[in-house]
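Structure, as structure tokens:
What follows is calculated from the coordinates using simple rules that are stated; it is not laboratory data. Because the structure is a prediction, the values reported are computed rather than measured. Here Cβ is always computed from backbone atoms with ideal geometry, including for glycine, and neighbour counts include all displayed protein chains.
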Amino acid sequence: MADSIRTIDVDSTIAALHQGLTSIPAEDAIAIIESWQQQLEGSDLAEDLGELKQALQSGDTAKMAETMVDLGEDTSESAASATGDVAMKVEQLGELLSQAGQSLM
């Protein structure tokens, strides 16, 4: 992930998660997921995002929950390779993803 992540994407994703999962229309969630997939292409996180997108499209809440928790943990771990403000925001994003996944369980 590192510093190649555009802060605007992190900020907008954090803002969307703060509003709660039910406030994000499915089409918007898919657009956010696809944007992140493109930025993270070739990484494990991009694969996890693909799984999340499939779960969302199929309505598989259990799979969404599991994938979001995994994605949150992996995102938090990747914060270690980022620096400064980006590292803090990536860590926050990871925590929010995990919390959102847990809320679905």
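In the chain, a dipole from Cβ-located charges (positive for Lys and Arg, negative for Asp and Glu) runs towards its positive end, and of S23, M68, V86 it is S23 whose Cα lies farthest in that direction. Using the Karplus relation 6.51 cos²θ - 1.76 cosθ + 1.60 with θ = phi - 60°, the per-residue 3J(HN,Hα) values for segment 91-105 come to 4, 4, 4, x, 5, 5, 4, 4, 4, 5, x, 5, 5, 8, 7 Hz, with x marking Gly and Pro. Take every Cα pair under 8 Å in the chain that's 6+ residues apart, average their separations, divide by the length, and report that relative contact order as a whole percent. Averaging sequence separation for qualifying contacts and normalising by length gives 34 percent for the chain.
If you plug the beta carbon distance of E27 and E77 into 1/(1 + (r/R0)^6) with R0 = 35 Å, you get a FRET efficiency near 0.75. The packing ranking of peptides 54-61, 98-105, highest mean first, is 98-105, 54-61, where packing means the average number of other beta carbon atoms within 10 angstrom of each residue. The alpha-carbon positions of segment 40-101 define a convex hull whose volume is 67 Å³ per residue. About its Cα centre, the dipole of the chain is roughly 280 debye, where the only charges are +1 on Lys and Arg Cβ and -1 on Asp and Glu Cβ.
Within the chain, the proportion of C-alpha pairs whose separation exceeds 22 Å stands at 19%.
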